[in-house]
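Asker: Before anything else, here's the structure in question.
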Amino acid sequence: MPLTNPWLDGPTPTGRLPRERLEERIANLLSTQNMAVIATVDAEGAPAATPVRYYHLGFELMFTAAPRSPKMRNLAADPRISVGVFAPLVGQASSRGAQLFGTARVIARDEPEAEAYWEAFRWQSDHVERGRDVADPPADPLTVVTPERIVYTEHWLRRDGFSPRQFWRRDADAARSALG
């Protein structure tokens, strides 16, 4: 049987992408997807994984949720969070995703920092779908996930001699470059 992607054969490369290229690949993934699975833990330490629709501002992800939902109760008790974002998988060559590890914070609509996040959040389509007036913006809080660490996986990187798994960590310079 012929190999569709011969570069997948053989040992896995170990090269590291330059930070700028890695950030570009992460930004591309976050910009081309809108669904993620968030992982939280409840009061007894049991894991809970929940699909959410997200929007992003730099590498920060944001979503809305009912305040009494299990995920929001879990985050109120422990703001640590893991988020999985992934592209549709056809085969190993298309394997592409990111695991974001960080903290979540709930920002009330009237807090000064909320406006920048709401500008990036595409709430208008929800309003139209639900028959609400787009001249009346939501008053809901936003949950914002700020990653400290991202594990990025893309098997297509093997073609250029890079490891399919790359690692990003936030630092002062990274925070500035992640936000553009």
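Asker: Which of the strands (runs of 3 or more DSSP E) contained wholly in the stretch 17-106 include at least 3 residues that are within 25 Å of Ala139 (Cβ to Cβ)?
Answerer: In the stretch 17-106, the matching strands (runs of 3 or more DSSP E) lie at 35-41, 47-53, 55-57, 60-63.
Asker: Phe101: at pLDDT below 95, surrounded by 12 or more Cβ atoms within 10 Å (Cβ to Cβ) and under 18 Å from Phe59 (Cβ atoms), yes or no?
Answerer: Working: at pLDDT below 95: no; surrounded by 12 or more Cβ atoms within 10 Å (Cβ to Cβ): yes; under 18 Å from Phe59 (Cβ atoms): yes.
No; evaluated as a whole, the condition is false for this residue.
Asker: Here is a follow-up. Free of Cβ contacts under 8 Å to residues at least 60 places away in the same chain and more than 16 Å from the chain's Cα centre (by Cα) - does that describe any residue in the stretch 51-66?
Answerer: yes
Asker: Return a yes/no flag: does the stretch 1-16 have any residue that is in a loop (DSSP other than H, G, I, E, B), free of Cβ contacts under 8 Å to residues at least 40 places away in the same chain and under 26 Å from the mean Cα position of the chain (by Cα). Walk me through how you get there before you give the answer.
Answerer: Just the residues of the stretch 1-16 that are in a loop (DSSP other than H, G, I, E, B), to begin with: 1-5, 9-14, 16.
Going one step further and asking which of them are free of Cβ contacts under 8 Å to residues at least 40 places away in the same chain, we end up with 1-3, 9-11.
Applying the additional criterion that residues be under 26 Å from the mean Cα position of the chain (by Cα) yields none.
Scanning the stretch 1-16 turns up no residue that is in a loop (DSSP other than H, G, I, E, B), free of Cβ contacts under 8 Å to residues at least 40 places away in the same chain and under 26 Å from the mean Cα position of the chain (by Cα).
Asker: Need the failing condition index for Thr143 against (1) within 30 Å of Arg16 (Cβ to Cβ); (2) part of a strand (DSSP E or B), just the number.
Answerer: Here Thr143 meets the rest and fails (1).
The values are calculated or read from the model by the stated rules, or taken from the named source; none is laboratory data. As the structure is a prediction and not an experimental result, all values here were calculated from the model. Here Cβ is always computed from backbone atoms with ideal geometry, including for glycine, and neighbour counts include all displayed protein chains.
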